[in-house]
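Colleague: Take this structure first; my questions come after.
The values are calculated or read from the model by the stated rules, or taken from the named source; none is laboratory data. What you see is a predicted model, and the numbers here were worked out from it, not measured in a lab. Cβ: placed from backbone, ideal geometry, glycine included. Neighbour counts: every protein chain shown.
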Amino acid sequence: MDFKTILSVLILLLLFSNSSAQIKGKIQESADQYPLEYATVALYNQLDNSLITGVITNEEGAFAISETKNGIYYIEASFVGYATITIRNIEISKIKPQIDLGVIELVLGNQLNEVVVKSDRQTVVHKIDRQVFDSKNFQSSQGGNVVDVIKNLPSVTIDGQGEISVRGSKGFTVLLNGKPTQGDVSAILAQLPANAIEKVELITAPSAKYDPEGKGGIINILTKKGATDGIFTQINLRGGFPSIQPYNTQVPAQRYGIDAIINNKTEKWNISFGTSYQRNDKTGRREGDVFIIDEAENKQTFLPSDGERSFDDVSYNGRFNVAFTPNTSDEFSLGVFAGKHTVDRLADITYFDNHAISPIGSANRLYTFQYYNHNLRTRKGDFALGNFDYTHHFINDSRISSSFLYEYTFLGGPTYNDNVDTPAYGIVYQQEYNTNDNPLHGVRYNLDYAWKPFSFGTIETGYQFRQLKHSGEFVYERDAVIVPEFSSDIELKRTIHSAYAQLTGKKNKVDYATGLRVESMDRVYTEALKSETIPNVYNYDFVKLFPSASLQFTIDEDTKLKAAYSKRVERTTTLKMNSFAEREHSEVFEQGDNRLLPEFIDLVELGITKNLNGGNSIFATAYYRHVDNVINRVNTLAYETNGSVNDSILNRVYSNVGKSNTYGLEIGTQFKAAKNWSNFIGANIYNNAIDGLFVFRHRDGIERVYDVHSSATIYSFNINSTYSFWTNTSLQFTFNYLSQTNTAQGKDSEFYTPNLTFKKSFLDGRLVGTLLWQNIDMGLLKANEQRITTWRANEFYTTTNYVYEVDMITLNLSYTFNKAKNKSKFIDSEFGKREF
C-alpha cells in the first residue's frame with residue numbers, strides 16, 4: 001500500500017468517524033423556501049415524552065442529531081414567530097441507523113391543513129446574532145434600490161449627503177447572499193434594485209467566521225429565491241414625474257429605470273440572468289458661508305455663496321450566474337458581473353459681492369470680490385468580476401466549501417473648476433482641471449470546513465486570502481498648465497491572510513457561538529509627485545486576534561435574552577491615504593494621510609426580545625462600541641506653496657484623531673393598531689464622544705496641532721405604518737428621522753424624510769403598481785435638507801445648507817410572467833465599489 005493510499009484511507013476514516021446513528025433534515029420557510037438558521041430541533045423519547053437532546057440548524061437550515069440509541073422518537077421543530085411542527089414515529093435500529101427527514105417547512109403564525117388563517121408577515125425575526133427584516137413590508141422601496149429598504153431599519157440612518165450609518169457608524173460591511181463585498185457601500189446598495197431583494201440581515205456583533213472588517217457590523221442582502229422548478233421572469237419599470245420644485249437647475253432631473261430577471265430552475269441546474277439600467281438624478285441647492293481668520297496677516301475673510309448642487313446618476317449592468325447540483329453532495333456555482341456607474345456632481349455657485357477681506361475685528365473692508373464658480377466632478381467606475389464556488393456535503397453532515405473571486409475595476413473621472421466674473425460671465429479668472437485613472441485588481445479565496453464531533457455543537461474552521469492592488473495617476477492643471485506639486489502617482493498593495501475556528505450549538509435553553517479569528521495584514525503604500533524621481537514608501541503590517549462570542553437564553557416560548565461581543569477592524573480606502581491635495585471645489589482642497597492607521601473596534605451588546613399576543617412583539621438592545629485610531633474628516637487652513645495662508649480655501653484632511661466611545665440603546669416594536677392597520681417602529685439613541693489630537697503637517701514644514709473633543713447624544717427613529725384596504729391594495733406611510741449629530745469639529749443638523757406609498761396588484765398578483773410620494777414637504781417642512789457646520793476657534797467657521805429635492809412622485813410597475821419563485825443569485829463588486 002503506497003503513501004497516497006494510506007493518506008486517503010486516513011482522511012476517509014476522519015471524515016466518516018461520525019457516521020453513527022443519526023437523524024438529519026433541513027428546516028425552511030413554507031412560503032418562500034428560505035432556510036431558517038438557528039431554528040430549534042428537540043428530540044423526545046416517544047414512550048415517555050422525555051427530552052433526549054436538542055440542536056439548532058446551521059446557515060443552510062440543516063441539522064443533524066448524532067449518536068442516537070435504538071428506539072422510537074419524535075422531534076419538535078420550532079422557530080420564533082412560526083408554528084411548531086411535530087414529527088412522530090421516528091425509529092432508529094441497526095437496520096435503519098440513518099434517518100433523513102428531508103425538508104421540514106415552518107409556517108408563519110398559526111396555519112393548519114385545509115384551514116387558512118390570514119396574518120401579516122413579520123417585519124423582523126430575531127436570531128442569536130442578527131435581525132432579519134422582510135423587505136416586502138417596506139413598500140416605499142418598490143422601484144428603488146436597497147438603500148430605500150435598509151433606511152427603515154431601527155439601527156440605520158441616512159444623512160443629507162446620502163451616507164449610511166449603522167448605530168452611528170459609517171463603517172460597515174455589506175454581504176450579498178453571504179458573500180463579502182468591500183466596495184463603497186452606498187455605491188453597492190444603490191445599484192441593487194429593491195425588487196430583487198427578499199430579506200436584509202443586520203448582524204451587529206458578527207462571529208469569527210466573518211471577515212472582521214466593519215465597525216458597524218454587517219448588512220447581508222439576500223436576493224429572492226425559488227421553491228419550485230421552472231422559469232421565473234420579472235420585469236420592473238420605473239418612471240419619475242417632472243420635478244415639482246426645480247430649484248433653478250440648468251437641466252431638469254430625470255428618474256427612470258428598468259430591471260429584469262430571468263431564472264430557470266431545474267432539478268440540477270439553476271441559471272439566472274439579470275440586467276438593470278437606472279437613471280436617478282437628484283436636484284437641489286447649496287447655501288454656504290465661510291469665515292477665515294489669518295492672525296499672521298491680521299486679516300479676516302468672509303465668503304458667502306449660493307447656487308445649484310445637483311447629481312446625475314446613471315448605472316447599468318449585466319449579471320449572470322449558473323449553479324449546478326449533480327447530486328445531493330456537490331454544488332458548483334459560477335457567476336460574472338459587468339457594469340458601469342457614473343455620477344456627475346454639479347455645483348455652480350455664486351460667491352457674492354460681500355465676499356470681503358478686512359482687518360481682524362474691523363468692519364473696514366480692504367476689498368470685496370464677486371465671482372461665479374462652475375464645479376463639475378465626474379466619478380466613473382467600470383466593473384468586471386467573476387467568481388467560482390464549490391461545496392461538498394459528506395454523509396456525516398460535515399461539509400467543505402471553497403470560493404474564488406477575481407475583480408478588475410477601472411475608476412476615475414475629472415473635476416472641472418472654473419472661476420469667472422458675474423453676472424456678465426465674460427472674464428475667466430482661473431480654470432482648474434484635475435483627473436485620475438486608478439485601476440484596481442482584487443483577489444479573494446476562501447476555504448471553509450464544518451463538522452459536528454460533539455452532540456452539543458458544530459465546529460467551523462476556515463482560511464481566507466485577500467489581495468488588493470490599487471494604483472492611481474493624478475494630473476492637476478491650472479490654466480492648461482500642469483501643477484507639479486499637485487500631480488502625483490500612488491499605489492496601494494494590501495495582502496491579508498486569516499484563519500478562524502468557531503463552535504456553535506445549544507445546551508438546554510442556551511444557544512451559543514464562540515470563536516477566534518487570527519489575521520495577518522501587510523500594507524505597502526507608495527506615492528510620489530510627478531516632479532520627484534524617487535517615490536516615498538510607507539509600510540504597515542500587523543498580526544492580530546479577533547475573538548467573538550454570542551449567547552441567547554430562552555426564558556420561555558416568547559421571551560429571549562441575548563449577549564454578544566465582537567472585535568472588528570475598519571480599513572481605509574486608498575484615496576483617503578493620498579496625501580496630495582485634490583481640488584474638490586472652489587472652497588476646499590481634499591487630501592488624505594499616507595500613514596493612516598486602521599480603526600480597531602470592540603463591540604458589546606445585550607438585548608431582549610418579547611413576543612406578545614396577536615402577533616405583536618417588542619425588542620431592545622443596549623450596546624457599547626469603543627474605537628481606537630478613529631478616522632475623521634478634519635478641516636484646517638489651506639496653505640500656498642510658500643507657506644502663507646490661503647484667504648478662502650480650507651484643507652479637508654482625513655486622519656486618525658484619537659478614540660471614541662459610543663453607548664446606545666436600540667428599541668423596536670411591531671403591533672397592529674386595528675385589524676387592517678399594522679405598524680413597525682424602530683428607534684436608536686446613543687451618546688458619541690470623540691477625544692484625541694490631530695496634527696497637520698504641511699510639506700513645507702508647517703505644523704499645526706488640533707485638540708479634538710466632541711460629545712453629543714444622538715437619536716433617530718423610523719416609522720413604517722401600513723393600512724390594507726383589501727387583499728390587493730394598501731397605503732403605507734414611512735418617516736425617517738435623524739437628530740442633530742456631532743463631528744470632530746462641528747455638528748450636522750437634523751435630517752428627515754416623510755414618504756407615502758400606494759400599492760395595488762392586478763391580474764392575480766402578476767402585475768403590481770406602486771405610486772410613491774417621496775420627501776413630502778409641500779412648502780411646510782424642511783424635508784430632505786441638512787446643514788453641515790464646522791469651526792475652529794480663532795481660525796475658521798464654515799456652514800453649508802444642502803437643500804435637496806422634495807415632493808418627488810414616482811410610479812413603479814412590476815410584472816411577473818409566471819408563478820415560479822425567483823431563485824436567482826448574483827455577485828457584486830467586492831473591492832472597487834469601496835473606492836467609487
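Colleague: Determine the pairs where a residue that is not assigned by TED's automatic domain parsing to the domain that holds Ile490, located within the range 442-471, has a partner that is at pLDDT 90 or above with Cβ atoms under 7 Å apart, the partner being 6 or more residues away or on another chain.
Modeller: none
Colleague: Output the residues belonging to the range 494-517 that are among the charged types (D, E, K, R) and in a strand (DSSP E or B).
Modeller: Across the range 494-517, the qualifying residues are Arg494, Lys506, Lys507, Asp511, Arg517.
Colleague: Let me ask something else about it. From the list Phe388, Phe465, Phe404, pick out the single residue that is within 25 Å of Asn594 (Cα to Cα), among the aromatic types (Phe, Trp, Tyr) and modelled with pLDDT of 90 or more.
Modeller: The unique qualifying residue is Phe465.
Colleague: Among the residues of the range 472-493, which ones are free of Cβ contacts under 8 Å to residues at least 12 places away in the same chain and in a strand (DSSP E or B)? Reasoning before the result, please.
Modeller: Residues of the range 472-493 free of Cβ contacts under 8 Å to residues at least 12 places away in the same chain: 481, 483.
Once the filter is applied, which keeps residues that are free of Cβ contacts under 8 Å to residues at least 12 places away in the same chain and in a strand (DSSP E or B), the range 472-493 yields only Val481.
Colleague: Does Ser487 count as in the same structural domain as Met577 (by TED's automatic domain parsing), farther than 30 Å from Leu411 by Cβ and surrounded by 16 or more Cβ atoms within 10 Å (Cβ to Cβ)?
Modeller: No.
Colleague: Has the range 378-385 got at least one residue that is assigned by TED's automatic domain parsing to the domain that holds Ile459, without any contact (Cβ under 8 Å) to a residue 24 or more places away in the chain and more than 26 Å from Leu175 (Cα to Cα)?
Modeller: So far as the range 378-385 goes, no, none of its residues is assigned by TED's automatic domain parsing to the domain that holds Ile459, without any contact (Cβ under 8 Å) to a residue 24 or more places away in the chain and more than 26 Å from Leu175 (Cα to Cα).
Colleague: Residues that are at pLDDT 75 or above, of a type in the set (D, E, K, R) and loosely packed, with under 12 Cβ neighbours inside 10 Å: does the range 64-71 have at least one?
Modeller: Within the range 64-71 (the criterion being at pLDDT 75 or above, of a type in the set (D, E, K, R) and loosely packed, with under 12 Cβ neighbours inside 10 Å), the answer is yes, since at least one residue qualifies.
Colleague: Same structure again: Would you mind listing the strands (runs of 3 or more DSSP E) fully within the range 744-783 where at least 2 residues are charged (D, E, K, R) and farther than 24 Å from Phe725 by Cβ? Before you say what the answer is, go through the steps one by one.
Modeller: Working: elements: 746-748, 751-762, 767-774.
In the range 744-783, 746-748 are the strands (runs of 3 or more DSSP E) which contain 2 or more residues that are charged (D, E, K, R) and farther than 24 Å from Phe725 by Cβ.
Colleague: Here is a follow-up. Inside the range 610-632, can you point out the residues that are under 20 Å from Ala744 (Cβ atoms) and at pLDDT 90 or above?
Modeller: Arg625, His626, Val627, Asp628, Asn629
Colleague: A further question follows. Here are some residues: Tyr416, Tyr406. Which one is of a type outside the set (D, E, K, R) and touching a Phe, Trp or Tyr at 6+ places or on another chain (Cβ under 8 Å)? Step through it out loud before you land on a result.
Modeller: Details: Tyr406 fails: touching a Phe, Trp or Tyr at 6+ places or on another chain (Cβ under 8 Å).
Tyr416 is the lone residue from the list that is of a type outside the set (D, E, K, R) and touching a Phe, Trp or Tyr at 6+ places or on another chain (Cβ under 8 Å).
Okay, residues lined up against (1) modelled with pLDDT of 85 or more; (2) of a type in the set (Phe, Trp, Tyr); (3) outside any strand (DSSP E or B):
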{"residue": "Thr641", "(1), (2), (3)": "no, no, yes"}
{"residue": "Ser648", "(1), (2), (3)": "no, no, no"}
{"residue": "Val653", "(1), (2), (3)": "no, no, no"}
{"residue": "Thr662", "(1), (2), (3)": "yes, no, no"}
{"residue": "Gly668", "(1), (2), (3)": "yes, no, no"}
{"residue": "Ser678", "(1), (2), (3)": "yes, no, no"}
{"residue": "Ile690", "(1), (2), (3)": "yes, no, no"}
{"residue": "Gly701", "(1), (2), (3)": "no, no, yes"}
{"residue": "Arg704", "(1), (2), (3)": "no, no, no"}
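Colleague: Determine the pairs where a residue that is under 15 Å from Ile292 (Cβ atoms) and assigned by TED's automatic domain parsing to the domain that holds Asn635, located within the range 782-804, has a partner that is outside any strand (DSSP E or B) and charged (D, E, K, R) with Cβ atoms under 8 Å apart, the partner being 6 or more residues away or on another chain.
Modeller: If the second residue must be outside any strand (DSSP E or B) and charged (D, E, K, R), the pairs left are Asn794/Glu295; Thr798/Glu587.
Colleague: Moving on. Can you confirm whether Ile482 is of a type in the set (Val, Ile, Thr) and either within 30 Å of Asn419 (Cα to Cα) or under 26 Å from the mean Cα position of the chain (by Cα) (or both)?
Modeller: yes
Colleague: Would you check if there is a residue in the range 540-547 being out of contact with any helix residue (DSSP H, G or I) (no Cβ under 9 Å at 6 or more places or on another chain) and not in a strand (DSSP E or B)?
Modeller: Going residue by residue through the range 540-547, those that are out of contact with any helix residue (DSSP H, G or I) (no Cβ under 9 Å at 6 or more places or on another chain) are 540-547.
Of the ones still in play, those that are also not in a strand (DSSP E or B) are none.
There is no residue in the range 540-547 that is out of contact with any helix residue (DSSP H, G or I) (no Cβ under 9 Å at 6 or more places or on another chain) and not in a strand (DSSP E or B).
Colleague: Could I ask something else about it? For Phe546, state whether it is in the same structural domain as Ile490 (by TED's automatic domain parsing), over 21 Å from Ile608 (Cβ atoms), surrounded by 13 or more Cβ atoms within 10 Å (Cβ to Cβ) and touching a residue at least 40 places away in the same chain (Cβ under 8 Å).
Modeller: Working: in the same structural domain as Ile490 (by TED's automatic domain parsing): yes; over 21 Å from Ile608 (Cβ atoms): yes; surrounded by 13 or more Cβ atoms within 10 Å (Cβ to Cβ): yes; touching a residue at least 40 places away in the same chain (Cβ under 8 Å): yes.
When the stated conditions are applied, Phe546 passes them.
Colleague: To continue, here is another question. Do we have Arg523 as of a type in the set (Lys, Arg), closer than 15 Å to Gln502 by Cβ, under 26 Å from the mean Cα position of the chain (by Cα) and in a strand (DSSP E or B) here?
Modeller: When the stated conditions are applied, Arg523 does not pass them.
Colleague: Additional query: Within the range 297-319, track down each residue that is among the hydrophobic types (A, V, I, L, M, F, W, C) and either touching a residue at least 60 places away in the same chain (Cβ under 8 Å) or touching a Pro at 6+ places or on another chain (Cβ under 6 Å) (or both).
Modeller: The one that is among the hydrophobic types (A, V, I, L, M, F, W, C) and either touching a residue at least 60 places away in the same chain (Cβ under 8 Å) or touching a Pro at 6+ places or on another chain (Cβ under 6 Å) (or both): Leu303.
Colleague: Still on this model: Considering only residues that are assigned to a loop (DSSP other than H, G, I, E, B) and among the hydrophobic types (A, V, I, L, M, F, W, C), which ones fall in the range 229-262?
Modeller: Result: Phe241, Ile244, Val251, Ala253.
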